[in-house]
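Structure first, commentary second.
The values are calculated or read from the model by the stated rules, or taken from the named source; none is laboratory data. For clarity, every value in this text was computed on a predicted model and none was experimentally measured. Neighbour counts are summed over all protein chains in view; Cβ atoms, including those assigned to glycine, are modelled from backbone coordinates with ideal geometry.
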Amino acid sequence: MARDKHLVLSVAQNPPYWSHCRFLREKIASGTLGEIEAVSINWLGNALGALGLEDLPQQMPGVVKPTLFRRSVHENGGGFLIDGGSHLLCELLWCTQLRVESVTAQMDDSGFDLRAALTLSLSNGALATLSQAANSHVRDKRHRSLYFGAAATAQVTGVPFEVEIQAPQADSAIESVHERDLPEAPTPVGDFIECVRGGCKEPELDNDLSVHIVEVIAAAYESAGSGKRVTC
């Protein structure tokens, strides 16, 4: 609809606006890792306050406190996968520039999940796994992604974020970078404004991928509810 009406539609998923993801995407696109053969993404933290399941802490990072529509499955559209999980899927698909062909998912509750694990068949034939837990006893965010390529492996750890690239059987990393040492990334609002002012500039996260992420999430909830693999 936005395309037909010549309007700018921008979705503020995190990865295009994080320096470490932009670095990883560049390394994959340049062939440093070779053909992607497998991916594993894991996120653990405690998001019960943001999900409306406990009181929010008095000191919250960010500009404003989270709004509590997330505690309603009808308003949120699901549980934590549709919230935090969407950014993990964006990392996988935006950085690799691949697409998901089918999903198999398990959740603690397919209506309002706090824990989910997905197996994703990618468009190049590789398999990816994604797991997350929003009710970890450890409140710090623990994020680890592994991108296994035919030529090298990239490991993302956080938070704060670091990316390490290592060749098979190498004794040390080929390259290791910290988020703070990378060039500053665009911001979602700045990107949107540049798209509006620039006329022909596309958002950092193109609309087709934004829609595909929603398709994958919908397929995951369907799979968790039915116990079957679902195509996207």
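Is there a residue being in contact with a Pro (Cβ under 8 Å, 6 or more places away or on another chain) and within 16 Å of Ser40 (Cβ to Cβ) anywhere in region 98-105?
Pass one, region 98-105, residues in contact with a Pro (Cβ under 8 Å, 6 or more places away or on another chain): none.
Scanning region 98-105 turns up no residue that is in contact with a Pro (Cβ under 8 Å, 6 or more places away or on another chain) and within 16 Å of Ser40 (Cβ to Cβ).
If I filter region 163-172 for residues that are in contact with a helix residue (DSSP H, G or I) (Cβ under 9 Å, 6 or more places away or on another chain) and crowded, with 18+ Cβ neighbours inside 10 Å, do I get at least one hit? It would help to see each step written out before you state the result.
We begin by selecting, within region 163-172, every residue in contact with a helix residue (DSSP H, G or I) (Cβ under 9 Å, 6 or more places away or on another chain); these are 163, 165.
Restricting the remaining residues to those that are crowded, with 18+ Cβ neighbours inside 10 Å gives 163, 165.
Yes: one or more hits.
Restricting to region 51-70, count the residues that are within 19 Å of Lys141 (Cβ to Cβ), at pLDDT below 85 and either among the basic types (Lys, Arg) or surrounded by 12 or more Cβ atoms within 10 Å (Cβ to Cβ) (or both).
4
Can you tell me which residues in region 189-230 are surrounded by 12 or more Cβ atoms within 10 Å (Cβ to Cβ) and either touching an Asp or Glu at 6+ places or on another chain (Cβ under 8 Å) or of a type in the set (Ser, Thr, Tyr) (or both)?
Asp191, Cys195, Lys201, Pro203, Glu204, Ser210, Tyr221, Ser223, Ala224, Val230
May I ask you to say which residue of Leu92, Leu81, Leu44, Leu88 is modelled with pLDDT of 95 or more, within 22 Å of Val159 (Cβ to Cβ), in contact with a Lys or Arg (Cβ under 6 Å, 6 or more places away or on another chain) and among the aliphatic types (A, V, I, L, M)?
Values: Leu92 fails: in contact with a Lys or Arg (Cβ under 6 Å, 6 or more places away or on another chain); Leu81 fails: in contact with a Lys or Arg (Cβ under 6 Å, 6 or more places away or on another chain); Leu88 fails: in contact with a Lys or Arg (Cβ under 6 Å, 6 or more places away or on another chain).
Testing whether each residue is modelled with pLDDT of 95 or more, within 22 Å of Val159 (Cβ to Cβ), in contact with a Lys or Arg (Cβ under 6 Å, 6 or more places away or on another chain) and among the aliphatic types (A, V, I, L, M) leaves just Leu44.
Among the candidates Ile41, Ile36, which residue alone is more than 12 Å from Cys95 (Cα to Cα), buried (at least 18 other Cβ atoms within 10 Å of the Cβ) and β-branched (Val, Ile, Thr)?
Numbers: Ile36 fails: more than 12 Å from Cys95 (Cα to Cα).
Just one listed residue meets the conditions, Ile41.
Please verify whether Ala117 is without any contact (Cβ under 8 Å) to a residue 40 or more places away in the chain and under 16 Å from the mean Cα position of the chain (by Cα), treating the condition exactly as stated. Full working, then the answer.
Values: without any contact (Cβ under 8 Å) to a residue 40 or more places away in the chain: yes; under 16 Å from the mean Cα position of the chain (by Cα): yes.
Answer is yes for this residue.
Cβ-Cβ below 9 Å, separation at least six or inter-chain, first residue in region 1-15 and closer than 13 Å to Lys201 by Cα and touching a residue at least 12 places away in the same chain (Cβ under 8 Å), second among the aromatic types (Phe, Trp, Tyr) and part of a loop (DSSP other than H, G, I, E, B): which pairs?
Partner pairs satisfying both residue conditions: none exist.
Mind telling me which of the residues Leu120, Leu114 ends up being in contact with a Ser or Thr (Cβ under 8 Å, 6 or more places away or on another chain) and not small (Gly, Ala, Ser)? Walk me through how you get there before you give the answer.
Working: Leu114 fails: in contact with a Ser or Thr (Cβ under 8 Å, 6 or more places away or on another chain).
Selected residue: Leu120, the only one of Leu120, Leu114 that is in contact with a Ser or Thr (Cβ under 8 Å, 6 or more places away or on another chain) and not small (Gly, Ala, Ser).
For region 1-38, name all the residues that are of a type in the set (D, E, K, R) and closer than 11 Å to Val163 by Cβ. Give the steps one after another, and end with the answer.
Restricting attention to region 1-38, the residues satisfying the condition of being of a type in the set (D, E, K, R) are 3-5, 22, 25-27, 35, 37.
Selection gives Arg22, Arg25, Glu26, Lys27.
Looking at the structure I just gave you, is Leu98 under 17 Å from Cys21 (Cα atoms), out of contact with any Gly (no Cβ under 6 Å at 6 or more places or on another chain) and either surrounded by fewer than 15 Cβ atoms within 10 Å (Cβ to Cβ) or aliphatic (A, V, I, L, M) (or both)? Even if it seems obvious, please write down each step before you answer.
Working: under 17 Å from Cys21 (Cα atoms): yes; out of contact with any Gly (no Cβ under 6 Å at 6 or more places or on another chain): yes; either surrounded by fewer than 15 Cβ atoms within 10 Å (Cβ to Cβ) or aliphatic (A, V, I, L, M) (or both): yes.
Taking the combined requirement at face value, the residue satisfies it.
Are any residues in region 104-141 among the aliphatic types (A, V, I, L, M) and not in a strand (DSSP E or B), and if so, which ones? Even if it seems obvious, please write down each step before you answer.
Of all residues in region 104-141, those among the aliphatic types (A, V, I, L, M) come to 105, 107, 114, 116-118, 120, 122, 126-128, 130, 133-134, 138.
Leu114, Ala126, Ala134, Val138, listed by residue number.
Let's see how each residue does on (1) buried (at least 16 other Cβ atoms within 10 Å of the Cβ); (2) among the hydrophobic types (A, V, I, L, M, F, W, C):
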| site | (1), (2) |
| --- | --- |
| Asp4 | no, no |
| Pro15 | yes, no |
| Ile28 | yes, yes |
| Gly45 | yes, no |
| Ser72 | no, no |
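Quick one: count up the residues across region 178-210 that are within 19 Å of the chain's Cα centre (by Cα), in a loop (DSSP other than H, G, I, E, B) and closer than 13 Å to Ala2 by Cα.
Going through region 178-210 one residue at a time, the tally reaches 2.
In region 173-203, how many are touching a Cys at 6+ places or on another chain (Cβ under 9 Å) and in contact (Cβ under 8 Å) with a residue 60 or more places away in the chain? Please lay out each step first, then the result.
Pass one, region 173-203, residues touching a Cys at 6+ places or on another chain (Cβ under 9 Å): 185, 201-203.
Checking the rest, the ones that are also in contact (Cβ under 8 Å) with a residue 60 or more places away in the chain come to 185, 203.
Count: 2.
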